[in-house]
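Notes for the one structure printed next.
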Amino acid sequence: MILRTGAEIDAAAAPLPPAPDGATVLGEAVPVVPPLALPYAFARKFGVVLDGDGVALREGSDPRALIEVRRVLGRAFDVAVVAPAAFDRLLGENYAMDGQATAAAAVGMGDELDLLAEGLPTAEDLLDTADDAPAIRLINGIIADAARNGVSDIHIEPYETGLVVRMRIDGVLRETLRMPPHVAPVVVSRIKVMARLDIAERRVPQDGRMGLTLGGKLLDVRVSTLPSRAGERVVLRILDKENAGIDLDALGMSAPMYALLRDAIAEPNGIVLVTGPTGSGKTTTLYAALRLLNDGSRNILTVEDPVEYAVEGVGQTQVNAKVGLTFAAGLRAILRQDPDVVMIGEIRDRETAEIAVQASLTGHLVLSTVHTNDAVGAITRMRDMKVESFLLASTLRAVIAQRLVRRLCKHCARPVPASETVAPLLGIDPATTVYEAVGCENCNRTGFRGRIGVYEAVRVDATVRRLINEGGDEDAIARHTFANNDTLATAARRLVESGQTTAEEAIRVSRSENADTAEAAIADAH
């Protein structure tokens with residue numbers, strides 16, 4: 001919906017002189033506006049934000065603010081009225097790295113953080129606000145840059161030679177900042193204050209969390225400290241609350257895999273397991289499944305360690321071993337809360353496994369994760385936790401194994417013939433055209449932008465149920481399951497052939513028995 005044309009705004013703004021220092025808008029004083037952008041405080045307060053070449057106006061905002069926008073930009077523009085949710089999204093996208101929202105942070109893109117680091121004092125008196133301000137701006141800047149680049153973890157590592165900041169982007173750690181060694185105590189202490197940890201205790205690990213808002217974008221940051229030889233190491237896990245709203249059909253699953261998972265969670269009872277190593281996206285998949293089930297007609301309860309995303313309409317309980325609230329104890333308690341669906345963060349011991357099985361037998365749908373390398377391995381893992389085969393056969397509905405591979409940047413990916421050493425590992429012809437990472441400004445010279453899931457699944461049908469009940473080995477179950485379905489290796493190969501990732505990435509996530517050969521092949525390819 002176009003509210004006013006550029007010519008109409010020109011006509012309204014023409015008689016007015018250039019905005020002086022301390023100009024007023026709608027009767028309120030506003031700061032001097034930079035020539036190339038609207039100040040964050042102005043945009044948020046008056047409900048106007050740049051959207052491409054035009055301007056978005058939040059529903060309910062006074063359109064007289066557009067006159068000031070016209071004077072700032074010095075050009076005509078079209079105006080579209082947007083809903084508050086859409087406006088907040090635009091505000092977050094435009095100002096996630098804005099100087100007024102996040103202290104003008106730019107890790108790896110300028111010298112601002114380096115200058116802040118050099119200006120930090122050696123004193124650690126956090127009550128001195130003059131000393132504290134540079135540390136706050138530095139930390140805000142680091143976290144803001146991480147949020148802008150989709151970083152999942154920030155590692156702050158002290159060494160004798162300096163303080164190193166590394167960020168995990170698309171599953172790979174990269175150094176982004178190096179600071180003088182005297183900065184370490186000040187930065188670590190400030191983070192501990194923000195996370196409400198004990199700044200006087202430096203001998204034992206501590207865990208905490210802090211909530212931040214960056215340009216209208218809500219972030220939950222988990223903080224973990226660990227004593228080391230040169231000081232305390234800190235890892236910040238950034239949990240973007242927008243990820244809790246990811247739908248199941250946005251995970252990049254193939255149509256058969258999506259249908260299989262939807263069919264499994266539609267069961268009235270039973271166990272659905274998601275497996276994979278740390279950082280493979282298991283929690284995101286479970287939250288997406290919960291979002292689909294969360295239609296208001298079911299009582300959904302979870303026990304997690306920790307609760308990563310708050311989901312409206314879902315009762316979430318966090319494990320607290322200090323007071324005896326383990327997975328097993330929490331699961332026993334929530335089963336007395338009349339649940340329809342139960343999510344367990346992880347089945348890691350015999351007691352939790354047995355309670356999960358009993359819960360499914362008594363009419364509950366149980367979703368959980370298990371740490372195994374593949375889907376069939378989860379069945380063996382449950383047996384290792386002393387779950388009887390006949391109980392496992394009658395309760396297990398599906399097991400999904402997943403990995404994440406880096407997605408090639410669509411702006412710079414380059415087609416090349418498959419390497420003669422890598423092609424056999426993928427099961428493709430050496431003459432097949434694949435794509436390799438090059439690197440450009442759009443992907444920060446890495447060649448990759450984002451990640452995509454690779455999946456395999458075991459759907460427990462009558463044959464698999466019989467094999468589990470009879471104690472069949474993994475090979476027998478795998479032969480039946482993957483006769484017509486993709487394995488992790490097959491799914492990864494399809495991504496390579498479609499140009500979504502590289503052969504090296506596919507081998508990295510799907511290799512198992514040929515690990516040494518794969519490493520050698522990748523080395524030869526480069």
Inset, instruction - Please list, ordered by first then second residue, the pairs with beta carbon atoms under 7 Å, 6 or more apart or interchain, first in the range 423-435 and free of Cβ contacts under 8 Å to residues at least 60 places away in the same chain, second open to solvent by less than 20 Å² (accessible area, probe 1.4 Å) and aliphatic (A, V, I, L, M). - result: Asp429/Ala423; Pro430/Ala418; Pro430/Ala423
Inset, instruction - Show the residue pairs that are 6+ apart or on different chains and have beta-carbon atoms under 7 Å apart, the first residue being within the range 42-62 and in contact (Cβ under 8 Å) with a residue 12 or more places away in the chain and under 11 Å from Leu91 (Cβ atoms), the second being part of a helix (DSSP H, G or I) and among the β-branched types (Val, Ile, Thr). - result: Val48/Val69
Legend entry - Failed item, numbered, when Glu304 is tested on (1) without any contact (Cβ under 8 Å) to a residue 24 or more places away in the chain; (2) open to solvent by less than 20 Å² (accessible area, probe 1.4 Å): (1)
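Among the residues of the range 185-198, which ones are over 27 Å from the mean Cα position of the chain (by Cα) and surrounded by 18 or more Cβ atoms within 10 Å (Cβ to Cβ)? I'd like the intermediate steps shown before the answer.
So in the range 185-198, the residues over 27 Å from the mean Cα position of the chain (by Cα) come out as 185-186, 198.
Once the filter is applied, which keeps residues that are over 27 Å from the mean Cα position of the chain (by Cα) and surrounded by 18 or more Cβ atoms within 10 Å (Cβ to Cβ), the range 185-198 yields Pro185, Val186.
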Legend entry - First in the range 190-212 and on the phi > 0 side of the Ramachandran plot, second anywhere and among the aliphatic types (A, V, I, L, M), Cβ under 9 Å, 6 or more apart: Arg196/Met210
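Against the condition touching a strand residue (DSSP E or B) at 6+ places or on another chain (Cβ under 8 Å), free of Cβ contacts under 8 Å to residues at least 24 places away in the same chain, over 26 Å from Gln206 (Cα atoms) and open to solvent by 40 Å² or more (accessible area, probe 1.4 Å), how does Gly296 come out, does it pass?
no
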Inset, instruction - Name the one entry in Ala492, Ala431, Ala413 that is more than 22 Å from Pro256 (Cβ to Cβ) and surrounded by 20 or more Cβ atoms within 10 Å (Cβ to Cβ). - result: Ala413
Inset, instruction - Being under 15 Å from Ser280 (Cβ atoms) and either at pLDDT below 85 or open to solvent by 40 Å² or more (accessible area, probe 1.4 Å) (or both) is the filter here, so list the residues in the range 495-516 that pass it. - result: Arg508, Val509, Ser510, Arg511, Ser512
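Can you pull out the helices (runs of 4 or more DSSP H) entirely within the range 1-106 that have at least 2 residues that are open to solvent by less than 30 Å² (accessible area, probe 1.4 Å), modelled with pLDDT of 50 or more and within 28 Å of Ala144 (Cα to Cα)?
It comes to 40-46, 65-73, 84-95.
Which of the residues belonging to the range 266-286 are under 23 Å from the mean Cα position of the chain (by Cα) and among the β-branched types (Val, Ile, Thr)?
So in the range 266-286, the residues under 23 Å from the mean Cα position of the chain (by Cα) come out as 272-286.
Result: Val272, Val274, Thr275, Thr278, Thr283, Thr284, Thr285.
Residue-wise test of (1) surrounded by 14 or more Cβ atoms within 10 Å (Cβ to Cβ); (2) more than 30 Å from Glu267 (Cβ to Cβ); (3) at pLDDT 90 or above.
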{"site": "Glu436", "(1), (2), (3)": "yes, yes, no"}
{"site": "Glu441", "(1), (2), (3)": "no, yes, no"}
{"site": "Arg459", "(1), (2), (3)": "yes, no, yes"}
{"site": "Leu467", "(1), (2), (3)": "yes, no, yes"}
{"site": "Gly471", "(1), (2), (3)": "no, no, no"}
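Please indicate, with yes or no, whether at least one residue in the range 270-289 is assigned to a strand (DSSP E or B) and over 25 Å from Leu392 (Cβ atoms). Give the steps one after another, and end with the answer.
Filtering the range 270-289 for residues assigned to a strand (DSSP E or B) gives 270-275.
Those still in the list that are over 25 Å from Leu392 (Cβ atoms) too: none.
There is no residue in the range 270-289 that is assigned to a strand (DSSP E or B) and over 25 Å from Leu392 (Cβ atoms).
Taking the conditions exactly as written (open to solvent by 10 Å² or more (accessible area, probe 1.4 Å), on the phi < 0 side of the Ramachandran plot and either outside any loop (DSSP other than H, G, I, E, B) or at pLDDT 85 or above (or both)), does Leu163 satisfy them or not? Give the steps one after another, and end with the answer.
Values: open to solvent by 10 Å² or more (accessible area, probe 1.4 Å): no; on the phi < 0 side of the Ramachandran plot: yes; either outside any loop (DSSP other than H, G, I, E, B) or at pLDDT 85 or above (or both): yes.
For Leu163, the condition - open to solvent by 10 Å² or more (accessible area, probe 1.4 Å), on the phi < 0 side of the Ramachandran plot and either outside any loop (DSSP other than H, G, I, E, B) or at pLDDT 85 or above (or both) - is not met.
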Legend entry - Conditions (1) at pLDDT below 85; (2) touching a strand residue (DSSP E or B) at 6+ places or on another chain (Cβ under 6 Å); number of the one not met by Leu218: (2)
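From the set of residues in the range 148-160 that are farther than 16 Å from Arg222 by Cα and not charged (D, E, K, R), which is surrounded by the most Cβ atoms within 10 Å (Cβ to Cβ)? Before you say what the answer is, go through the steps one by one.
So in the range 148-160, the residues farther than 16 Å from Arg222 by Cα come out as 148-149, 157-160.
This time we only want the ones that are not charged (D, E, K, R), so: 149, 158-159.
Details: Asn149: 17, Pro158: 22, Tyr159: 15.
Restricting to residues being farther than 16 Å from Arg222 by Cα and not charged (D, E, K, R), the top hit is Pro158.
The values are calculated or read from the model by the stated rules, or taken from the named source; none is laboratory data. What you see is a predicted model, and the numbers here were worked out from it, not measured in a lab. As a convention, Cβ positions derive from the backbone with ideal geometry for all residues, glycine included, and neighbour counts pool all protein chains shown. Surface areas here come from the heavy atoms of the whole protein model, side chains and all, with no ligands, DNA or RNA. Shrake-Rupley method; radii C 1.70, N 1.55, O 1.52, S 1.80 Å.
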